[in-house]
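Enquirer: I have a structure I would like to understand better, so I am pasting it below and will then ask my questions one at a time.
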Amino acid sequence: MLRAAVLACHALLAATLAASILVPAISWLRIGMTIAVTLPLSWTLRGLALNVRATQQRVAVLLVLYVGGTAVEVVAHSGAAPLANVALLAAALELALLLVLIRRQARLAPAARE
């Protein structure tokens, strides 16, 4: 259940970031920016789906950058950019859920070794 919520937030984050870049006008530059912004999220999707702890830890660090970047966009537009607001909420929620998931796996790991 928790992993499904993390994956849903991950997909929502990628979709809202892509839409926020492409919606005003589509150009080759915007397409390139969209690929650059969403590619790290795409690369980590398989590891998240397979519940790989190392990937989860890397995504947590990556999400800090996405939270910071989207927070800057929200502040720059005074909260008037709905896609940036949704991306910020998705990134922050995914980070929180991912940290809970990582912590729960760490707590369960020693019991499995005994």
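The values are calculated or read from the model by the stated rules, or taken from the named source; none is laboratory data. Predicted model, so just to flag it, every value in this text is computed and none were measured. Note that we place each Cβ from the backbone using ideal geometry, even for glycine, and neighbour counts take in every protein chain shown.
Enquirer: Looking at segment 1-31, which of the residues that are of a type in the set (Val, Ile, Thr) and within 27 Å of residue 96 (Cα to Cα) is surrounded by the most Cβ atoms within 10 Å (Cβ to Cβ)?
Expert: Taking segment 1-31 first, the residues of a type in the set (Val, Ile, Thr) are 6, 16, 21, 23, 26, 31.
Then drop every residue that is not within 27 Å of residue 96 (Cα to Cα), which leaves 6, 16, 21.
Details: 6: 23, 16: 21, 21: 20.
The residue in question is 6.
Enquirer: Can you name every residue in segment 32-51 that is over 19 Å from residue 102 (Cα atoms) and either in contact with a Ser or Thr (Cβ under 6 Å, 6 or more places away or on another chain) or part of a loop (DSSP other than H, G, I, E, B) (or both)?
Expert: Within segment 32-51, no residue meets the criteria.
Enquirer: Another question about this same structure. When you check residue 91 against the structure, is it without any contact (Cβ under 8 Å) to a residue 40 or more places away in the chain and not polar (S, T, N, Q), yes or no? Walk me through it before giving the result.
Expert: Working: without any contact (Cβ under 8 Å) to a residue 40 or more places away in the chain: no; not polar (S, T, N, Q): yes.
Considered against the rule, which asks whether it is without any contact (Cβ under 8 Å) to a residue 40 or more places away in the chain and not polar (S, T, N, Q), residue 91 comes out as no.
Enquirer: When you go through (1) within 20 Å of residue 64 (Cβ to Cβ); (2) among the β-branched types (Val, Ile, Thr); (3) at pLDDT below 95 one by one for residue 16, which number turns out not to apply?
Expert: The one condition residue 16 does not meet is (3).
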